[in-house]
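Only one structure is covered here, and it is reproduced in the block below.
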Amino acid sequence: MKLAQVDVATAFNPLDVDFVQNPGPLFAYARREEPVFFSPAVNAWVVTRFEDVEAVLRDPRRFTSKDVLSITDLLSPEVRELVGDKIPMEGTLTGLDGEIHTRLRRVLNHAFTTKRIAELEVDVTELADGLLTNFRRRGSADLVSELCYLLPLWTITRLIGIPDAEMPMCRQGVEDWADLTLAYILGADLEHQLTLARRIIGLHDRIEELFDERRRAPRNDLLSEIVAREKSENLTAHEMLSLVPGLFLAGHETIAQSLAMGLYHLLTDRRRWWALVDNPDSVEDVVEEILRLDGPVFGMWRNVTEDCTIAGVAIPSGSRLYVSYWSGNLDSSRYESPEQIDVEQASRLHLAFGRGIHYCIGAPLARMELRVALTMLVREFPDLRLADGFVPTYRPHFFLRGVDSLEVDSITVFAI
Ligand code: HEM
């Protein structure tokens, strides 16, 4: 492929299965030749260079997040009527700005304290150990379904305070939301669209019930933290509800895929894996590098509030931007070996958790889970390797990145 001839506007499409397998070359071309381009696929100007992405994220006045995650426009009229205002569209802070964002973020901060993360580390270690039981017995596994997905799902439901038995309902909710986003555009049967919407409404109803339970009997969980601040922060029922369901996606899919894609890269070039086996103390730097190299959040939108210029391109007020953290993290003007896991560059803070007022609130939790899981794997399965012939399939998504499976094996377990 002659990159000089690439039509970036057409070739960039996060919903295209071929594109998401290897978006690196297109982004490298874009950063060099066309760092800001309009993409019909995401209906926005795509920002690709590290410094431009960072500058946009640090300027929420000119580049607002308000309503960026609302899917109302993607719903059929029937579903829209059914949903009404029963499902908040703010996506746990992501679609908010200004005073409301500051107030609600202050509320959530209480659930992500260093003390709470340290308490959860005990649970995470125990869970990870239990989830590896079958792998220990069989010597082969799809780590996406057996470890990567379940570990953060258990953790986020515990952090929120959802009973363990209701974890499948939360997972279903994440899938229903993703399906509903595309159902109308893809012409899915109306009854199916309505079923998805009803299940999502059911999940929200359940969260309201749990708020009521916590009002009567608070516990050590996020639901109780929110209820405790209901009066002092003047929280409306809608605001409280808006904080919770988005966390299933934000706190589950992202960690699952960071672990899966990170392991894939570590195991593809075994020198990187062996370096970690030899020096497990480097795990924190390795975590930063896997997040940078192939992070799970491809990009996010911003709405432009005044005429501006980015990388020489004039962008009128009212336009939308799609800032690509993923592309920025591979920028060779920031990193000497952008396409390698290189612990020497781990101190140069990447963009995988964003920047500015929307910087990921769950970053400490994510770092802890990734560190625990990787440490356990290198210690227990030093000879872990990809199954023969395994090639991951990256999944298309508007703004998330991830693989379907991660087939691995280990001969250590046969020796047990
Ligand atoms: C490796 C895992 C994760 C990655 C890569 C990640 C990435 C991000 C990014 C890039 C943003 C900024 C979005 C923007 O600029 O609009 C963000 C925001 C956010 N993340 Fe994460 N995230 C991860 C894990 C988590 C976890 C575990 C939680 C919660 C349990 C979480 C909750 C949130 C929330 C609530 C926001 C919105 C913050 C705000 O708008 O003020 N994330 N995340």
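The values are calculated or read from the model by the stated rules, or taken from the named source; none is laboratory data. Here the structure is a predicted model, which means the values were calculated and not measured. Positions of Cβ are generated from backbone atoms using ideal geometry, with glycine treated the same way; all protein chains shown enter the neighbour counts.
Values computed for the structure shown
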| quantity | calculated |
| --- | --- |
| Candidates A111, A118, filtered to the one that is within 11 Å of the ligand (Cβ to nearest atom) and either closer than 24 Å to R367 by Cβ or charged (D, E, K, R) (or both) | A111 |
| Near pairs, Cβ below 6 angstrom, 6+ apart or cross-chain, from segment 261-275 (within 12 Å of L374 (Cβ to Cβ)) to any residue that is among the basic types (K, R) and surrounded by 17 or more Cβ atoms within 10 Å (Cβ to Cβ) | L266/R272 |
| Selection from segment 211-231 of residues that are among the hydrophobic types (A, V, I, L, M, F, W, C) and either surrounded by 15 or more Cβ atoms within 10 Å (Cβ to Cβ) or in contact with a helix residue (DSSP H, G or I) (Cβ under 7 Å, 6 or more places away or on another chain) (or both) | F211, L222, L223, I226, V227, A228 |
| Flag if L82 is among the hydrophobic types (A, V, I, L, M, F, W, C), out of contact with any Gly (no Cβ under 6 Å at 6 or more places or on another chain), under 28 Å from Y184 (Cβ atoms) and surrounded by 21 or more Cβ atoms within 10 Å (Cβ to Cβ) | no |
| Failed criterion for I87 (all others in (1) part of a loop (DSSP other than H, G, I, E, B); (2) within 14 Å of the ligand (Cβ to nearest atom); (3) over 21 Å from E306 (Cα atoms) hold) | (2) |
| Matching residues, segment 85-108, being charged (D, E, K, R) and surrounded by fewer than 18 Cβ atoms within 10 Å (Cβ to Cβ) | D85, K86, E99, R103, R105, R106 |
| Qualifying residue in segment 162-177 (condition: of a type in the set (A, V, I, L, M), closer than 26 Å to E369 by Cβ, touching a residue at least 40 places away in the same chain (Cβ under 8 Å) and not in a helix (DSSP H, G or I)) | yes |
| Single residue of segment 245-260 satisfying the filter (of a type outside the set (S, T, Y) and modelled with pLDDT of 95 or more) that is nearest to the ligand (Cβ to nearest atom) | I255 |
